[in-house]
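The values are calculated or read from the model by the stated rules, or taken from the named source; none is laboratory data. Since we're looking at a predicted model, the values are computed, not measured. Ideal geometry is used to build each Cβ from the backbone, glycine not excepted, and the neighbour counts take in all protein chains shown. For the accessible areas, the whole protein counts, side chains as well, though only heavy atoms, and no ligand, DNA or RNA atoms are used. Shrake-Rupley method; radii C 1.70, N 1.55, O 1.52, S 1.80 Å.
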Amino acid sequence: MSDTANLLLAALAPDGLAAVAPHATRVILRRGDILQPAHQPAAAAFFPESGIASVVKADGHVARTEICLTGHEGFVGGALVLADGHWPYETFVQTETLSAIRIDAVSFAALVRDLPDLRAMLLRAIQGQMVQLAEGLISAAWQKVPARLARWLLMWRDRVGLDRLEITHEFIAAMIGVQRTGITGALHELEGAGLLSAGRGWIVVRDPAGLERVADGAYGVTEREQHRLVGGPAPIDAA
């Protein structure tokens, strides 16, 4: 626990971390594994150390569409902090693997109740997620596909810590909520501008600052708020 890469847990004072440690288990999950099913009480909270967890709408009436994503800067289990642990959305592992600290729901509720510093940190993380949700809605409502794609790629890059992203066009299209042909066209446009390279199942970011300019304000607000609230990751400074 003392070597955790999760920013929330790492920010706890030593006595807080010592209180959490007996209830924590490190788990390795695979792409597609469900962290929290929709419309069911959460069995546990998860603090990612590497990889990405995605909250999606997936109820049979619409294609699985991403609402927000979380990496090592946050946690999965906000409904356990705010209410009764029920959440009408599914949370699953988006990357090939996800390493996380797991705390069962009963123990987590007790820790949130008994540790004011932990509770305050979690509420700050939830506020950061609310900003991400709001910025995503604004982007989806007003921006064209290249800007939305640039925002999403930068958010992914922040959380995996790599310029090479192992991801398919089909998956990006589902997460952003557009047709696959729209993603392919946007990727070709960004590749033609020298901002990235793309192949079958992979994308390499060549110019992060250039992608931020294409995102046109959609990337940066969330990142600055998360950095202010929980300490990272800081947004790119566009040239």
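Counting only helices (runs of 4 or more DSSP H) that sit completely within the stretch 152-239, those holding 3 or more residues that are surrounded by fewer than 18 Cβ atoms within 10 Å (Cβ to Cβ) correspond to 180-192, 221-230. Residues of the stretch 103-124 that are open to solvent by 50 Å² or more (accessible area, probe 1.4 Å) and in contact with a Pro (Cβ under 8 Å, 6 or more places away or on another chain): none at all. A residue that is modelled with pLDDT under 95, in contact with a Cys (Cβ under 9 Å, 6 or more places away or on another chain) and either farther than 20 Å from Phe108 by Cβ or not polar (S, T, N, Q) (or both) occurs somewhere in the stretch 42-54. Taking (1) small (Gly, Ala, Ser); (2) open to solvent by less than 20 Å² (accessible area, probe 1.4 Å); (3) under 20 Å from Thr168 (Cβ atoms) in turn, Ala58 satisfies each apart from (2).
Residue count for the stretch 149-173 under the criterion of being among the charged types (D, E, K, R) and farther than 16 Å from Asp207 by Cα: the result is 3. Scanning for something touching a residue at least 12 places away in the same chain (Cβ under 8 Å), part of a loop (DSSP other than H, G, I, E, B) and under 17 Å from the mean Cα position of the chain (by Cα), does the stretch 96-119 turn up at least one residue? Yes, the conditions are met somewhere in the stretch 96-119.
Within the stretch 1-20, the residues that satisfy the criterion of being free of Cβ contacts under 8 Å to residues at least 40 places away in the same chain and surrounded by fewer than 15 Cβ atoms within 10 Å (Cβ to Cβ) are Ser2, Asp3, Pro14, Asp15, Ala18. Only residues that are at pLDDT below 95 and open to solvent by less than 30 Å² (accessible area, probe 1.4 Å) were counted in the stretch 136-151, giving 2.
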